[in-house]
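Visitor: Below you will find the structure I want to go over with you.
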Amino acid sequence: MTNSRINMLVIDDDDINIFIIKKVIEKTGYEVDMISKSNGQLAVDYLTSITSNVEIFPHIILVDINMPILNGWEFLEAYEKLNIVRPKVYLYMLSSSVYEYDIEKAKGFKSVNGFISKPLTIERLKELLQLVVL
């Protein structure tokens, strides 16, 4: 376990998936402050409002693809236009999509570090959290 808190933003409109991620976080042994937003627009608004607050800005962002208002791809386009200058932010697509097209499309965004298939496992989340504490 680490003494430093990790900030995580999960962008997903599925309450069950949010619940699962919270439970997975509890089992990692890491101290994680998780914020969730149910669509990309709410996430963009949130990130814009906290850009100058390094204490709460997310270290890890998990983005679903299919959401109302602003989907995952539209969020990524808006996020990259924000030109947020921060220490490393690890951004991953977290989706139930099994389409190779989606995986390849994610690689086309400079801000995306990878593609994770749902459900998020304890082992995979520990790998992500370890990136932050190193």
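The values are calculated or read from the model by the stated rules, or taken from the named source; none is laboratory data. In this text the structure is predicted, and so the values were computed from the model without any measurement. Positions of Cβ are generated from backbone atoms using ideal geometry, with glycine treated the same way; all protein chains shown enter the neighbour counts. These accessible areas exclude ligands, DNA and RNA; they are computed on the full protein's heavy atoms, side chains included. Shrake-Rupley method; radii C 1.70, N 1.55, O 1.52, S 1.80 Å.
Visitor: So how strong a dipole does segment 81-132 carry about its Cα centre when Lys and Arg Cβ are +1 and Asp and Glu Cβ are -1, to the nearest 20 debye?
Guide: Working: 9 positive and 5 negative charges, 62 e Å.
The calculated dipole for segment 81-132 is roughly 300 debye.
Visitor: What does the accessible area per residue of segment 1-93 come to in Å², with a 1.4 Å probe and no ligands, DNA or RNA counted?
Guide: Numbers: 4720 Å² over 93 residues.
With the other protein chains kept in place, segment 1-93 gives 51 Å² per residue.
Visitor: A further question follows. How many percent of the accessible area of segment 33-134 is carbon or sulfur, using a 1.4 Å probe?
Guide: On the way: 2900 of 5450 Å².
Its accessible area is 53 percent carbon and sulfur atoms.
Visitor: Considering the chain as a Gaussian network with a 10 Å cut-off on Cα pairs, which listed residue, V24, V32, V54, attains the greatest mean-square fluctuation?
Guide: V54
Visitor: Give K37/K107; K37/K110; K27/K110; K23/K81; K27/K81; K27/K88 a once-over and call out the pairs whose C-alpha atoms are over 26 Å from each other.
Guide: Beyond 26 Å: K27/K110; K23/K81; K27/K81.
Visitor: Rounded if a/c is under 1.5, else prolate if a/b beats b/c, else oblate: with a ≥ b ≥ c from the C-alpha gyration tensor eigenvalues square-rooted, which is segment 95-134?
Guide: Oblate is the answer for segment 95-134, as a/c is 1.5 or above yet b/c matches or exceeds a/b.
Visitor: Just checking my list (i) 20, 18, 14; (ii) 34, 14, 11; (iii) 24, 18, 12 against semi-axes √(5λ) of the Cα gyration tensor in Å computed from this structure; which label fits?
Guide: Label (i) holds the value from this structure.
Visitor: Once you've got the GNM for the chain with C-alpha springs shorter than 10 Å, pick whichever of S96, S49, S117 has the biggest mean-square fluctuation.
Guide: S49
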